[in-house]
Amino acid sequence: MAMPVGLGGAWEIRKRNFPDLVHFSAPSVIKYDTEWYSNTSSSFVPISVTGRECGLRCDHCNSRILESMIPATTPADLILLADKLAAAGCRGLLLSGGAGRCGSVPLGGFAEAILSIKQKHGLLVAAHTGLVDDTLASKLAAARLDMAMVDVIGSEATIRNVYHLDASPEDCIASVKRLRSKGIPVAPHVVLGLDYGRLGGEVHALHALSGCDIQALVLVVIMPLRGTPMAGVKPPDPSELAPVFDLARRLFPATHLFLGCARPAGEYKSRVEILALKAGFNGVAFPSKQAISLARDLNLRAVFSDVCCALSALGNAGGSAGEARHS
């Protein structure tokens, strides 16, 4: 079969630095049932340590995302929930929650519970941390957190206007560096179009992160959610995202790049996935038929797993991974 057109320098960078393998992830946050792969409702479960409460009420979320997570607002609740999920075959947890006015998700009080869960059940545990100080970084390191995920925003105006947070891009980078200084793997997330669908600080965020020792980089696209101030926002045109994807691959030639869960559905979704794969991304969450077909045309061996995409970079996210059926 002829190689698809549109491959350039970013693709060549990927070819030089990585094997011909693509990671397709489908954690339990969304049901994924296709001819190629099916996940289960208890494989990798999102949990909110604040329930539906959030002190920031960011314009793009307004705590709506928390509604899809299982609440566990005390360490005892988290341990009990983990016991039940492990008995049902769960392989990992994604801990998140609403952030306080300091921009941090209150995970410090859960550190001992996280360690207990990992020791008892051997579960993978990843966490959206928000901004992190030295104390929280130390506690999460003692908990043996498998992966920390930090939103890195490159525009101070966007941080203030969308996140309602008195912080700077430098604070985001400092959080990444604090976590890494404690030995915690980090997969920063950059939301494309976070400024009401406009691209602004994303390029600055990528350049700032290029000086950090990170294990993976996850790019997602703003999703207009009902019940939020951004419900009617138009996301960036995929043609605007292509140079950002290309830049990410060039700035991070040997770092795993992933297109994460969040992006608008339909034709937009598949167009963005195709651009990411052609730019040499290592993986895509919840891939469309078109993305899976392109991976085959690019001679990439597709491997599915039911954990968060960034955990594929650690090399220990197996257990439920499998080759794509009918590929």
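The values are calculated or read from the model by the stated rules, or taken from the named source; none is laboratory data. Since the model is a prediction, treat every value here as computed from it, not as a measurement. We place every Cβ from the backbone using ideal geometry, glycine too, and count neighbours over all the protein chains shown. Side chains included, ligands, DNA and RNA excluded: accessible areas come from the protein's heavy atoms. Shrake-Rupley method; radii C 1.70, N 1.55, O 1.52, S 1.80 Å.
Can you pull out the residues in the range 90-108 that are in a strand (DSSP E or B) and farther than 17 Å from VAL45 by Cα? Of everything in the range 90-108, just one residue is in a strand (DSSP E or B) and farther than 17 Å from VAL45 by Cα, namely SER104.
Considering only residues that are closer than 23 Å to CYS90 by Cβ and either out of contact with any strand residue (DSSP E or B) (no Cβ under 6 Å at 6 or more places or on another chain) or touching a residue at least 60 places away in the same chain (Cβ under 8 Å) (or both), which ones fall in the range 146-158? Walk me through how you get there before you give the answer.
At the first step, the residues of the range 146-158 found to be closer than 23 Å to CYS90 by Cβ are 146-149.
Answer for the range 146-158, where residues must be closer than 23 Å to CYS90 by Cβ and either out of contact with any strand residue (DSSP E or B) (no Cβ under 6 Å at 6 or more places or on another chain) or touching a residue at least 60 places away in the same chain (Cβ under 8 Å) (or both): ASP146, MET147, MET149.
Within the range 246-272, the set of residues being in contact with a strand residue (DSSP E or B) (Cβ under 8 Å, 6 or more places away or on another chain), under 22 Å from PHE304 (Cβ atoms) and assigned to a helix (DSSP H, G or I) comprises VAL272 only. Restricting LEU115, LEU66 to residues that are part of a helix (DSSP H, G or I), touching a Ser or Thr at 6+ places or on another chain (Cβ under 8 Å) and open to solvent by less than 70 Å² (accessible area, probe 1.4 Å) narrows the list to LEU66. Restricting ASP83, ASP33 to those that are touching a residue at least 12 places away in the same chain (Cβ under 8 Å) and open to solvent by 20 Å² or more (accessible area, probe 1.4 Å) reduces the list to ASP83.
Scanning the range 217-257 for residues that are open to solvent by less than 10 Å² (accessible area, probe 1.4 Å) and either acidic (Asp, Glu) or over 19 Å from HIS207 (Cβ atoms) (or both) yields VAL221, ILE222, MET230, PRO238.
Among the residues making up the range 284-307, none is aromatic (Phe, Trp, Tyr) and open to solvent by 20 Å² or more (accessible area, probe 1.4 Å).
Being within 22 Å of ILE30 (Cβ to Cβ) and more than 16 Å from the chain's Cα centre (by Cα) is a property that does not hold for SER104.
A search for C-beta distances below 7 Å between a residue of the range 15-30 that is in contact (Cβ under 8 Å) with a residue 12 or more places away in the chain and within 18 Å of LYS278 (Cα to Cα) and any residue that is surrounded by fewer than 23 Cβ atoms within 10 Å (Cβ to Cβ) and charged (D, E, K, R), counting only pairs 6+ apart in sequence or on different chains, returns ASP20/ARG301; LEU21/ARG301.
Look at the range 273-294: where a residue is closer than 17 Å to LEU241 by Cα and assigned to a helix (DSSP H, G or I) and a partner is of a type in the set (Lys, Arg) and at pLDDT below 95, sitting 6+ places away or on another chain with Cβ atoms under 9 Å, you get GLU273/ARG263.
I'd like to know if the range 190-209 contains one or more residues that are at pLDDT below 95, open to solvent by 30 Å² or more (accessible area, probe 1.4 Å) and farther than 19 Å from ASN282 by Cβ.
Our first condition is that a residue be at pLDDT below 95; within the range 190-209, this holds for 200.
Of the ones still in play, those that are also open to solvent by 30 Å² or more (accessible area, probe 1.4 Å) are 200.
Narrowing the set further to residues that are farther than 19 Å from ASN282 by Cβ leaves 200.
The answer is yes; a qualifying residue exists.
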